Structure formats: C-alpha cells, structure tokens
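Data block below; observations after.
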Amino acid sequence: MKNSHFFAVDLGATSGRTIIGTLNNGSIALEELTRFNNNLIHATGHVYWDIFALYQEIIRGLKLANDRNIELSSIGIDTWGCDFVCVGKDGQLLRNPLAYRDPHTEHAMDHYFAESMPKQKVYDKTGIQFMNFNSLFQLDQMRRDGNVAFANADKILFMPDALSYMLTGKAICEYTVASTSQILNPATGDLDIELVESLGLKRDQFGQMTAPSTQIGTLREEVKQLTGLGDVPVIAVAGHDTASAVAAVPASDEKFAYLSSGTWSLMGIETKVAIINEKSYELNFTNEGGIEGTTRFLKNICGLWLYERCRQEWPETSEMSHTELQRSALDVESFRSIINPDDPAFANPKSMTEAIRQYCERTGQPVPQSHGEYLRCIFESLALRYRQIFTWLKEFASFDIKALHVIGGGSMNAMLNQFTANSCGVEVLAGPQEATAIGNVMLQAKAGGHVADVWDMRAIIADSVELRHFMPQDSAMWDAGYEKYCKVTAN
C-alpha cells in the first residue's frame, strides 16, 4: 500500500508547527517539519496576532515539503478558538486580528448582558462557558468602539478558516471552532440568528457552516507559484485544536472521559447532544463542537501552568529534568497543603510561589517551604480538582465512564497521572502526547477516504502509539485528601 502524506498546521497561542503525518498500512507517524514563534504585536493600545507572519510560515513549510519531494494528499489547519479576522468586500484582510489577550474585552460581558441579552438566555442558546474573550463579546466590544475593520467587514472568519481562505480563496465557517464563539446554537447546528443580529451583523457575513473532514478547496494560483505545489486539497479538519486532540483519543468505545493536559487542562466527555441545564449553567460547563455530530461537554481547569510558573522562579533547577525535580515531591508529607488550582489568585500572579504561600496562609494551612512541598501541593491539588470535575461528569453522563484518557503534553507526567488515577478512582490511559497533530492528520485521512469514521481513526491511533496505564492506589488516603480539599476550597 502506498504511503499517504498529510500536511498539518498546528498553531498555538505561543508557537506553531508544520507537520507531515504519514499513514502507512494502518499506522500513523509524525515528522515535525518546521517550528516557529507565534508572536503577539503590542501596538496603539491593542494586542494583535500577526496573521501574515503565520501565513508566511505555512508557505515556508509547504515549500520545504515540495523541496523534499513529499507528495501531499492534503493540508489541514487547527488553531486556538475565539479569535477571528475581518475581510473586506475586495477580499483583503482588514488589519491584523485582535488577540483574545487584548484588554478591550475586560468589561465586555457586563455591557452585553445589560444592553443586548441576559446572561442565562445566552447560555441557554449556546451552552458555552462565559469568558470575556469569547467571540460574541469581542465582536460586541468592537461594535461599541466603532472599530473600522468590524464596520467594513464583508466576511468574519475564525482563525483556521482565515488561513485556509488565504490558501484557497474559499470562505467557510468550520463547526468546531465556530462553537467556541458563543454564537453557535448546538440545537440548530448553525450560528444563532438572534445573537448574530444583536451584534449588528448578518448571517451571510460568516462562511457556510462546514463539518470537519470536508474539502474547502485547492491551493490558489499564487500559493502554487510560491511553493511549487499543484492542486493540493485543503481540508477543514477540526479547526479548534482541542477538538482535533479529542478526535485522537485512542478509545475503543464511547464510555470514556478525556483530560487534555498541558499548561491548561480540559476535562470532559463526548456526548451525542449538548447538555444545557441549570446545573451545567451553575457549574459553568461548556458544550463545544466535536466531530461527526458529537459535542465536547467539558470544563476548563488550570493545569501545569502552576508547575511551569514555579519552575521559572527556581533558576537553580534549570539543569534538572522534570522527573528529577518531581521526584523531590515523593519525599514529603501527603496533603500537607492544598489549593484550588482555579482560584483567581493563580490566574497570572507576579510570583506563583508567593500566590500559593498567601493562599495557604489565608486558609490556615502550612506554607510549603521546599521545592518538593510546592510540587506535592500542586500535583495533589490538580488531581483533587480533577476528581471534583470527574464526579460532576459522572452525574451528567448518560453512560458509565470506564476510563480516563489523558492526552497532550501532560500525558508524559507519570506522577500527575498516577495521582489522577488515585484521586478519581479510575484507570488512566496516558497518550498520545501529540494528540492535536494526530487528530488533524487523521481527519484529513478521513476526508480522503483512507478511514471510515472516528472509531476507525481511533483504532489506528491506538495501534500506533504506546499508552501508559495507571491504576488507582491508596483509595482511603485519597478519600481523606478529597475531604480536606472540599473543606479548604469551600472557604
């Protein structure tokens, strides 16, 4: 069987990569082609993404693939959610897009709820958790600010769709990334007209709603000349990076939960319909679009951000491996100090260790003194927060959750994975680390007819990666730890 090569563009908020995914006799392999920074531009009081620099990096990767005589079956792009590009009537981009980190949306939600639509009605329509940088609030703030790009937009394209447009000239609205906007109504499977009109916009200013694994078009002439490639198809994969990652969960059936673990964590389940009720509203769960008509019902959690920020404050550990540093946490007392990882104090403090110290003092707990005590506090607290959310997921799910799949960079953290199994009382299967890129590639493969459906995809992934299994241990100790966590975090 001839190898099939797929070009995946995986863009995060700080860096991006182009990757060649090769499908050969039921096995998938990845090769990183290029890696580059995704730099924010701070100018004129705002924060922008440099979309033209990202486009140039995609062109560079495509040219390199051609120079190496790699015959590409297709191209797919995934990015973060919420952000978008305004396109004028002449087809040209109107300014670089504002970034979700831009401070202009600081009070945008309050203005929208007061002037346009009540908060609960927005949630009832969309099922999306409330964050001030959701597209709904970004667009409304641009409207109130008299933003010229917004006022002159013929089309509004979410980030992966905008880059695909630059490659093909075809404007679409991919379902999974559109779902992060808080404008999409999962009951209709399209943008909600009342929400669109509340922004002073019309539905036709957005592209046609497009499901993952759909061909958008082929490379436009300019791109072919720049890269030397021919009529390579560009595929709408799951444009939201988390959706592509969840597509790569190597599960054998639907009875699983997933934890996309990295700087931030996302824990959820796949459902056939959105879960929108009083409890999901109260707990601020979100319903984001998945593949093949599924919904990713999940909750965002602060993740390894806590660990990463502490390590930055410890220059003496710079030469230590993660494993070596984390080993120090095994030599200290269990559940000595516990924090709520999602407390606002840990969102972006000047000093993470100082924020943890103040939290412990405020809650009447011993303050960590050593690296090991800080790390034990962080990893146990994360695992206990996972248990809390896992408990809620079991209440929401219409099926028994038999396993927790940990994907992403955090799948390599053996200590946290074992703590998570202990805390949640469920088998943890860790891997793949490169879930987003694998999901991107496999959704291209599905579009090309190489795989039949998501379960075919997942079977190939399971055969292609090595999963690490973690079974629950020390249940009585972790039950006591969870009881302490609930008391501490109730304050």
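The values are calculated or read from the model by the stated rules, or taken from the named source; none is laboratory data. All of these numbers come straight from a predicted model, not from anything done at the bench. As a convention, Cβ positions derive from the backbone with ideal geometry for all residues, glycine included, and neighbour counts pool all protein chains shown. Remember, those area values only see protein heavy atoms, side chains included, never the ligands or the DNA or RNA. Shrake-Rupley method; radii C 1.70, N 1.55, O 1.52, S 1.80 Å.
When the listed pairs Lys2/Lys63; Lys255/Lys484; Lys119/Lys394; Lys119/Lys487; Lys299/Lys487 are checked against a 24 Å cut-off, the alpha-carbon distance exceeds it for Lys255/Lys484; Lys119/Lys394; Lys119/Lys487. Provide the FRET efficiency to the nearest 0.05 for the Ser27-Thr188 pair, computing r from the beta carbons and using R0 = 35 Å. Computed FRET efficiency for Ser27 and Thr188 comes out at 0.35. Set against the labelled values (1) 22.7; (2) 27.5; (3) 24.5, mean projected area of the Cα convex hull in nm² computed from this structure falls on (1).
Ignoring everything but the protein chains, give the 1.4 Å probe accessible area of Phe130 in square angstrom, nearest 10. Its accessible surface works out to 30 Å², give or take rounding.
Loop-located trypsin sites (Lys or Arg not before Pro) across region 1-61 with a Cβ neighbour count of 16 or fewer within 10 Å are Lys2, with loop assigned by DSSP. With a simple spin-label model that places each label point 7 Å from the Cα along the Cα-to-Cβ direction, the separation between Val148 and Glu282 comes to 5.0 nm.
Taken along the Cα-to-beta-carbon direction at a fixed 7 Å, the label points for Asp90 and Glu483 span 7.1 nm. Farthest towards the positive end of the charge dipole of the chain, among the residues Pro186, Ser74, His371, is the Cα of Pro186, using unit charges on the Cβ of Lys, Arg, Asp and Glu.
Sorting Glu380, Glu278 by accessible area puts them as Glu278, Glu380; the probe is 1.4 Å, largest comes first, and only protein heavy atoms count. Helical content of the chain, expressed as a calculated mean residue ellipticity at 222 nm, amounts to -11500 deg cm²/dmol (DSSP H runs of 4 or more residues, -39,500 (n - 2.57) each, divided by residue number, nearest 500). Share of carbon and sulfur in the accessible area of the chain stands at 47%, probe radius 1.4 Å.
Rounded to the nearest 20 debye, the dipole size of region 296-355 about its Cα centre is 340 debye, using +1 on the Cβ of Lys and Arg and -1 on the Cβ of Asp and Glu. In this Cβ point-charge picture (+1 for Lys and Arg, -1 for Asp and Glu), region 1-102 has a dipole of about 100 debye about its Cα centre. Under the combined filter of DSSP loop state and at most 16 neighbouring Cβ atoms within 10 Å, region 413-474 retains these GluC sites (Glu not before Pro): Glu466. Charged side chains reduced to their Cβ positions (Lys and Arg at +1, Asp and Glu at -1) give the chain a dipole of some 180 debye around its Cα centre.
In the context of the full set of protein chains, residues of region 343-403 present 42 Å² of accessible surface per residue (probe radius 1.4 Å, heavy atoms only).
Counting only alpha carbon atoms, the long axis of helix 414-424 and the longest principal axis of the chain meet at about 70°. Think of a 1.4 Å ball rolled over the protein heavy atoms: region 405-455 then has 25 Å² of accessible area per residue.
Modelled this way, with points 7 Å down the Cα-to-C-beta line, the labels at Arg327 and Glu466 are 1.9 nm from one another. Annotation: extensible slack from Ala452 through Arg35 equals 147.0 nm (criterion: 0.36 nm per residue apart, minus Cα-Cα distance). Secondary structure note: in the chain, about 70% of the DSSP beta bridges are antiparallel. Ligands, DNA and RNA are left out, and with a 1.4 angstrom probe the accessible area of region 59-98 is 41 Å² per residue.
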